[in-house]
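Enquirer: Pasting in a structure now, in structure tokens, and then I'll have a few things to ask.
The values are calculated or read from the model by the stated rules, or taken from the named source; none is laboratory data. Keep in mind it's a predicted model, so treat the numbers as computed, not measured. Because the Cβ atoms are built from the backbone with ideal geometry, glycine has one as well, and the counts that use them run over all protein chains shown.
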Amino acid sequence: MAEPSAKSDQAFRTIGELAADLGVPQHILRYWETRFPQLRPLQRAGNRRYYRPADVQLAHRIHRLLNQDGYTIRGVQQLLSSGGGNSGGGDGEAAETAVAATAPTPANQHLPFPTEALRTIRRTLAQALAESAA
């Protein structure tokens with residue numbers, strides 16, 4: 001991540017400042033605006049984007065869910081639409097926990113391979129095959 005700016009936490013951020021803070025290109029933030037209706041920066045003359053503090057928190061949360069927690073775009077959309085949308089703090093964390101049972105499994109997390117169960121099935125099939133051949 002880039003070095004934090006000298007602005008107050010309550011100051012609006014430009015798309016360049018937020019992109020540098022997250023360490024992503026500006027077009028990624030524009031793409032997120034099309035995929036996450038909760039992320040709506042102010043647009044001034046010439047379509048200049050200014051992100052409110054709540055938008056900055058939401059962008060950080062989306063970035064964390066996508067790049068650290070391994071969620072897909074669709075998974076983050078479902079998570080945010082189920083009630084964890086606008087806050088980046090306590091409410092969002094509680095919503096992530098509450099939705100964990102119904103939300104899709106993050107793309108980088110898989111269940112362990114059931115090796116022992118497969119070996120048991122293999123032994124059972126080998127015994128059945130031996131009995132049928134006899």
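Enquirer: Name, by its number, the condition in (1) at pLDDT below 55; (2) at positive phi that does not hold for Gly83.
Expert: (1)
Enquirer: If you go through segment 57-73 one residue at a time, do you hit one that is surrounded by fewer than 13 Cβ atoms within 10 Å (Cβ to Cβ), charged (D, E, K, R) and in contact with a helix residue (DSSP H, G or I) (Cβ under 9 Å, 6 or more places away or on another chain)? Give the steps one after another, and end with the answer.
Expert: Narrowing segment 57-73 to residues surrounded by fewer than 13 Cβ atoms within 10 Å (Cβ to Cβ): 67-68.
Filter once more, so that each one left must be charged (D, E, K, R): none.
Taking every residue of segment 57-73 in turn, none turns out to be surrounded by fewer than 13 Cβ atoms within 10 Å (Cβ to Cβ), charged (D, E, K, R) and in contact with a helix residue (DSSP H, G or I) (Cβ under 9 Å, 6 or more places away or on another chain).
Enquirer: Right, next: Go through (1) within 17 Å of the chain's Cα centre (by Cα); (2) assigned to a helix (DSSP H, G or I) and name the single condition Gly70 misses.
Expert: (2)
Enquirer: Now, a different point. Limited to segment 22-56, what total is found for residues that are surrounded by fewer than 20 Cβ atoms within 10 Å (Cβ to Cβ), more than 17 Å from the chain's Cα centre (by Cα) and charged (D, E, K, R)?
Expert: The number of residues fulfilling the criteria is 4.
Enquirer: Condition (residue is at negative phi, assigned to a helix (DSSP H, G or I) and modelled with pLDDT of 85 or more) applied to segment 38-52: is it met by at least one residue? So that I can check it myself, show each step before the final result.
Expert: Kept after step one, since they are at negative phi, are these residues of segment 38-52: 38-45, 48-52.
Now narrow it down to the ones that are assigned to a helix (DSSP H, G or I): 45.
Those left that are additionally modelled with pLDDT of 85 or more: 45.
Within segment 38-52 (the criterion being at negative phi, assigned to a helix (DSSP H, G or I) and modelled with pLDDT of 85 or more), the answer is yes, since at least one residue qualifies.
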